[in-house]
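Trainee: Sending over a structure as structure tokens; questions will come in a sec.
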Amino acid sequence: MIKIAIAALALTTPAMAQETAPSTWRDPDTQCIYLKIGDTLSLRYRRDGTPDCVSVQRDTANATITQADFRELARSIEALRRDIGGVQRAVGDIVRNVEDIRRQSRPQRAQ
């Protein structure tokens, strides 16, 4: 459940902007795609962690997100909201208690 919430958070968080996108190069022998940054080539990977090569087959069994996945994600997000709301209320109570203690501990002025 937490993994789904983290994944959703990662998907909704914008990536850091790059000034220029790295160029790519495809190896004619292996048909793998490499990122070219300066004089360095680095193998490019797909989102599922597999190398971006024609010879590497994708696992399409888990590639789709079902309605049940979205419902579970929605329940997870709602549970996180409730937890955060509870923490916010608890912090608010602590702040009020500290303010009350400060007021009570101040010396009284003589009139």
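The values are calculated or read from the model by the stated rules, or taken from the named source; none is laboratory data. Given the structure is predicted, the values throughout are model-derived calculations rather than measurements. Heads up, the Cβs are rebuilt from the backbone with ideal geometry, glycines too, and the neighbour counts pull from every protein chain shown.
Trainee: If the requirement is being in a strand (DSSP E or B) and either under 30 Å from TRP25 (Cβ atoms) or modelled with pLDDT of 85 or more (or both), which of these qualifies: SER42, SER55?
Mentor: SER42
Trainee: Okay, next question. Quick one: ASP83 ticks every box in (1) exposed (fewer than 10 other Cβ atoms within 10 Å of the Cβ); (2) among the charged types (D, E, K, R); (3) modelled with pLDDT of 90 or more except a single one, so which number is it?
Mentor: Going through (1) exposed (fewer than 10 other Cβ atoms within 10 Å of the Cβ); (2) among the charged types (D, E, K, R); (3) modelled with pLDDT of 90 or more one by one, ASP83 breaks only (1).
Trainee: Does ARG47 count as basic (Lys, Arg), modelled with pLDDT under 90 and under 30 Å from ARG81 (Cα atoms)?
Mentor: Criteria met by ARG47.
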